[in-house]
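Notes for the one structure printed next.
The values are calculated or read from the model by the stated rules, or taken from the named source; none is laboratory data. Predicted model only: the values in this text are computed from it and were never measured. As a convention, Cβ positions derive from the backbone with ideal geometry for all residues, glycine included, and neighbour counts pool all protein chains shown. With ligands, DNA and RNA removed, areas are computed over all heavy atoms of the protein, side chains included. Shrake-Rupley method; radii C 1.70, N 1.55, O 1.52, S 1.80 Å.
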Amino acid sequence: MDAQTHASAEDKHYPIEPASDADMLRHLLEAKGIKPAQLSRDTRIPKSTISEVLAGKKPFSRQIIRKLADYFNVDTSVLATNI
């Protein structure tokens, strides 16, 4: 197998699933270096709601997306991939 054939085999496109809301929130918390309790205090999102999202039991609502986007300074589209 020559280098040309080998490279094209590696370049196959494999779709990547969007991150779950739980994974996205975990990443944002880690990137900012804060705990869920701090996020709750700062955004007034109930701790129980944050816990349910992190446990994969509850998806982001439009209201939560707006608050998180403002808080983490990201576009709402980053958080709305599963809506």
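Using the heavy atoms of the protein chains and a 1.4 angstrom probe, tell me the accessible area per residue for the stretch 9-57 in square angstrom.
Values: 3670 Å² over 49 residues.
Per residue, the stretch 9-57 has 75 Å² of solvent-accessible surface.
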How far is it, in nm, from the label point at Ser61 to the one at Val74 when both lie 7 Å from their Cα along the line to the Cβ?
2.0
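How charged is the neighbourhood of Gln63? Take every other residue with its Cβ under 15 Å from the Cβ of Gln63, and add Lys/Arg as +1 and Asp/Glu as -1. Can you show the working numbers first?
Numbers: positive: Arg44, Lys58, Arg62, Arg66, Lys67; negative: Asp21, Glu52, Asp70.
Net charge in that neighbourhood comes out at +2.
Give me the percent of the accessible area of the stretch 28-73 that comes from carbon and sulfur atoms, probe 1.4 Å, all protein chains in place.
46
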Partners for Lys57 among lysines (Cα-Cα distance below 21 Å; same-chain residues under 8 apart left out):
Lys35, Lys47, Lys67
Give the residue list of trypsin sites (Lys or Arg not before Pro) in the stretch 24-83 that are DSSP loop and have at most 12 other beta-carbon atoms within 10 angstrom.
Arg44, Lys57
